[in-house]
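Readers should treat all values here as calculations from the given coordinates under stated rules, not as data from a laboratory. Remember, predicted model here, so these are calculated numbers, not experimental data. We place every Cβ from the backbone using ideal geometry, glycine too, and count neighbours over all the protein chains shown.
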Amino acid sequence: MKLREVIEKLNATTVNVSDPEKEIEGGYAGDFLSFVMGKAPENCAWFTVMSNVNVAGVATLAGTGVVVLCEGAKADENLSARVKREDIDLIETDYDIYTAVLKYNNAD
Amino acid sequence: MTNEAKLRFEFDVDGDNFTSAGTASETVKYNLKQLGIAPDIIRRVAIVMYEGEINMVIHAKGGKAVVEIDSDEINITLKDVGPGIPDINLAMQEGWSTAPDNIRSLGFGAGMGLPNMKKYSDKMEIESVVGEGTTVKMCVKIRKEA
Ligand SMILES: Nc1ncnc2c1ncn2[C@@H]1O[C@H](COP(=O)(O)OP(=O)(O)OP(=O)(O)O)[C@@H](O)[C@H]1O
Ligand SMILES: [Mg+2]
């Protein structure tokens with residue numbers, strides 16, 4: 001699915017989007033960074049409420065397609081500055097993780 | 001890259017700065033891409049090095065990272081002079097963590113770092129002396145020998 005469709009489905013606010021036409025495949029939900037590192041598939045949508053700057057490092061190194069901050073969590077100042085600087089895709093939605101995943105999968 | 005060529009990168013990993021944690025790993029990932037290393041190899045190196053780098057930051061107040069690349073393998077050495085690991089077998093268990101609450105609130109402390117390092121490297125050795133420090137060596141093979 002294209003990143004812009006993910007944004008629409010989740011009614012998301014964009015903090016940084018490198019390319020709306022980029023393909024996002026699969027997903028992973030979780031807040032512990034080592035689980036994400038070990039398990040999130042490349043180019044996936046990563047659903048989390050973690051909003052500190054370490055999210056950027058994990059997104060880059062695990063190669064996630066887009067970070068989806070859920071539950072109305074807002075990227076803190078360091079994180080938002082860094083995703084803009086490094087052109088990492090990160091969006092914010094008010095949905096809780098469960099609902100966000102359902103919407104992403106058209107299952108709501 | 002010719003067979004003889006060996007590239008070496010060295011990093012000082014800052015132990016007081018959580019906001020720059022992971023920088024060495026990101027630089028290595030970038031360089032491996034430039035070198036045209038296969039994506040699955042890059043991914044494994046990124047995972048194991050990040051976990052090791054973060055461990056030095058959160059458990060050992062920083063350290064040194066050395067990455068050596070030749071045509072067959074990538075070797076990563078992480079050396080710190082932190083508190084050491086009293087029981088390595090215990091530390092290797094999934095879910096074991098001594099990370100304090102303030103570190104957990106940042107998303108660390110699942111106790112999955114060392115297991116990830118073991119899983120995604122081809123070889124891993126830990127030497128640790130309590131009160132002196134820890135050295136972790138990991139190898140990711142670019143080509144599997146026949
Ligand atoms: N370089 C180190 N120096 C001292 N202790 C370490 C070091 N690396 C790991 N440890 C010890 O081993 C434990 C397990 O490490 P591991 O990386 O698996 O989990 P964690 O760092 O606690 O959490 P996570 O990696 O999931 O965020 C740590 O909690 C810590 O007690
Ligand atoms: Mg760890």
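Side notes on the structure shown:
- Too-long pairs where the Cα-Cα distance tops 30 Å, listed order kept, from B:LYS61/B:LYS119; B:LYS64/B:LYS119; A:LYS103/B:LYS119; B:LYS29/B:LYS123: A:LYS103/B:LYS119
- Per residue of chain A, the DSSP helices (runs of n ≥ 4 H) give a summed -39500 (n - 2.57) that works out to -10500 deg cm²/dmol at 222 nm.
- Projected label distance in nm at B:GLN93 and A:SER18, using a 7 Å step from Cα toward the beta-carbon: 4.0
- The simple spin-label model puts a point 7 Å past each Cα toward its Cβ; for B:ASN102 and A:ASP94 those points are separated by 3.5 nm.
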